[in-house]
Amino acid sequence: MTTSLARVLSALFHPLLMPTLLFGILLFQVPGVIGLDAFSERARLSLLLLIAIGTFGVPALLIYYLYRQGLLSSLHMDDRSERRLPYLITGLIYTFLTFLFAFRMQLVSETAPEVAIILGSITVSILLVGLISLFWKISAHSVGIGGSLGALLGIMLKFSATDLFLSLVALTILAGLVASARLHLNAHTPAQIGTGLALGLTVSLVTVVWLV
């Protein structure tokens, strides 16, 4: 794997982009499983856009603001000590979004609770990453893609959603590629990547199986 390819993979499958990818798969492959089969395709697209803005757009802008203010030496946040504030801010934003969906407020007043439950599992993972980062540099990329894998696997097993099989296989391959990319860039050790995958997968899988 070349360094350029490793950087592209790290950017395309950034942790903040994983909720959009996950919900994109769920909204357009198995909308009935998450209670959105009555929504038109346009409505589901609008919901996905809202999720993308909330889970990627807003946190990314705030992290960039921290960088411009000199509170971060790099947008890659290679220094473990610099990860605390960004993860705290991101966790708070995701917590707000979870409650927004859970209580069916504003533009998502008719959204099914399954969306909030899955988003809540992502929030828990982010908060755990922030907590672990106080002591150790866990791979957020691995947590993100592991969480998506766990959610898809849980839904597929619980609801016999065979339509998700190819997506699950593709995401598994991508998880391997992203892990290789992070190793190639010397961003993480194998232990940090493996722990991240296990954390993300476990939190989302348990959440889906027990609560969705």
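Per-structure values
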read-out	value
Segment 8-20 - residue that is out of contact with any Ser or Thr (no Cβ under 6 Å at 6 or more places or on another chain) and surrounded by 14 or more Cβ atoms within 10 Å (Cβ to Cβ) and, of those, nearest to LEU185 (Cα to Cα)	SER10
Qualifying positions in segment 30-51 - of a type in the set (D, E, K, R) and surrounded by 15 or more Cβ atoms within 10 Å (Cβ to Cβ)	ARG44
So GLY150, is it out of contact with any Asp or Glu (no Cβ under 8 Å at 6 or more places or on another chain), within 30 Å of LEU183 (Cβ to Cβ), among the small types (Gly, Ala, Ser) and open to solvent by less than 40 Å² (accessible area, probe 1.4 Å)	yes
Criterion (touching a Phe, Trp or Tyr at 6+ places or on another chain (Cβ under 9 Å), free of Cβ contacts under 8 Å to residues at least 40 places away in the same chain and closer than 27 Å to VAL33 by Cβ) met by exactly one of ALA116, ALA102, ALA170	ALA116
Test: residue in segment 135-142 that is surrounded by 15 or more Cβ atoms within 10 Å (Cβ to Cβ), in contact with a Ser or Thr (Cβ under 7 Å, 6 or more places away or on another chain) and assigned to a helix (DSSP H, G or I)	yes
Qualifying residue in segment 128-140 (condition: closer than 28 Å to ILE89 by Cβ and in contact with a Pro (Cβ under 7 Å, 6 or more places away or on another chain))	yes
Every residue from segment 52-85 that is buried (at least 17 other Cβ atoms within 10 Å of the Cβ) and more than 24 Å from THR20 (Cα to Cα)	LEU72, GLU82
Residue match in segment 94-109 (condition: surrounded by fewer than 16 Cβ atoms within 10 Å (Cβ to Cβ), assigned to a helix (DSSP H, G or I) and at pLDDT 85 or above)	yes
Segment 154-167: number of residues that are closer than 17 Å to LEU211 by Cα, surrounded by fewer than 19 Cβ atoms within 10 Å (Cβ to Cβ) and not hydroxyl-bearing (Ser, Thr, Tyr)	3
Of all residues making up segment 168-178, the number that are touching a Leu at 6+ places or on another chain (Cβ under 7 Å) and open to solvent by 20 Å² or more (accessible area, probe 1.4 Å)	3
Qualifying residue in segment 186-205 (condition: within 25 Å of GLN29 (Cα to Cα) and open to solvent by less than 20 Å² (accessible area, probe 1.4 Å))	yes
Residue match in segment 72-83 (condition: of a type in the set (A, V, I, L, M, F, W, C) and either within 20 Å of LEU197 (Cα to Cα) or touching a residue at least 60 places away in the same chain (Cβ under 8 Å) (or both))	yes
Unique match (being part of a loop (DSSP other than H, G, I, E, B) and either in contact with a Gly (Cβ under 6 Å, 6 or more places away or on another chain) or touching a residue at least 40 places away in the same chain (Cβ under 8 Å) (or both)) among ALA181, ALA187	ALA187
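The values are calculated or read from the model by the stated rules, or taken from the named source; none is laboratory data. As the structure is a prediction and not an experimental result, all values here were calculated from the model. Every residue, glycine among them, receives a Cβ derived from its backbone with ideal geometry; neighbour counts consider all protein chains shown. The protein model used for the area step is the full one, side chains on, heavy atoms only, and it has no ligands, DNA or RNA in it. Shrake-Rupley method; radii C 1.70, N 1.55, O 1.52, S 1.80 Å.
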